[in-house]
Amino acid sequence: MHISEMSRLVRGTGHILDVLDVLHRDQVALRIHDGAFSAMDLTARHPRTGELLSTVKFMVQPFAATGELQRDLQREPTYDGLRASETKGSKGGRRPAVPADKTGDVRTAYLEDRSIAALARDHGVSRGAIRTAVADLLPDHTAAKEEAPALELLVTLDMPGKAADFLRTAEPEAAERAALAQGVVVRRGQGYTLRVTAVPAVHCRILALCQPLDGGQGMPAVPAQRKARREYENRVSALVPTEP
């Protein structure tokens, strides 16, 4: 066992002897790196009786008593400060929260335009405790909840190569153009697919750009291109269900 100082392990004169007995019983070696005990072999025992050497007892007890005195001297100013604070009316520990059976009354009073400071005085708690009880009723909380935009997750879909070839001649908007430019080409036999990663709304707009592949707008309907658009449409439709 390695410890930095003996005070990390024991708390008094009697305690140190008990600890040494436990270490001997469990056959645990002790190594202290700093302090007065660092140069001592505290586990030395008499070879015949197995008892702690008298010299170890003699050296350990004064050092342990000195350490205990030092800790007591450190505690006294702390206790004096606590007593002085109690005399002035201060209380230690966490500030009290609003009791569970009073939370409803606090929320009702707040909705009736009772101020947070007044509620804190009425219930004998801090303003922070009142704010915690009415957190979802605060104006900042409501505004943040209403103004927070819904986040859309990126989705990766494979677009048939014939649809991708057509889109190269189209004029998409910036978001669609960026998604197509960042697409990854995946070779499949003699053809390929373009693996596009974008939010569902961008996939829907890209699909709308492929509408001429079904024929119309001055373009003849080519079966292979129409099939490519339908495949991409099926993937987008599975991603964004259509409304009835």
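Read the figures in this text as sums done on the coordinates, not as results from a lab. Worth saying up front: this structure is predicted, and the values here are computed from it rather than measured. Neighbour counts run over all protein chains shown; Cβ positions are idealised from the backbone, glycine included.
Between amide H atoms placed 1.01 Å from N, distances below 5 Å from TYR192 occur with GLY161, all of them 5 or more places distant or on a separate chain.
Over all Cα atoms in the stretch 155-239, the spread is summed up by Rg and Dmax: 11.9, 32 Å. Whole-Hz Karplus values for the stretch 163-170 come out as 5, 5, 4, 5, 5, 5, 8, 7 Hz, taken residue by residue from phi with 6.51 cos²θ - 1.76 cosθ + 1.60 and θ = phi - 60°; glycine and proline positions read x.
When each of the peptides 221-230, 186-195 is scored by the mean number of other C-beta atoms lying within 10 Å of its residues, the order from highest to lowest reads 221-230, 186-195. For VAL155, the residues whose modelled amide H falls within less than 5 Å of its own, excluding neighbours fewer than 5 places apart on the same chain, are ALA198, VAL199.
Can you order the peptides 69-81, 152-164 by their average number of other Cβ atoms within 10 Å per residue, highest first? Can you show the working numbers first?
Numbers: 69-81: 9.8, 152-164: 17.5.
Packing proxy ranking, top to bottom: 152-164, 69-81.
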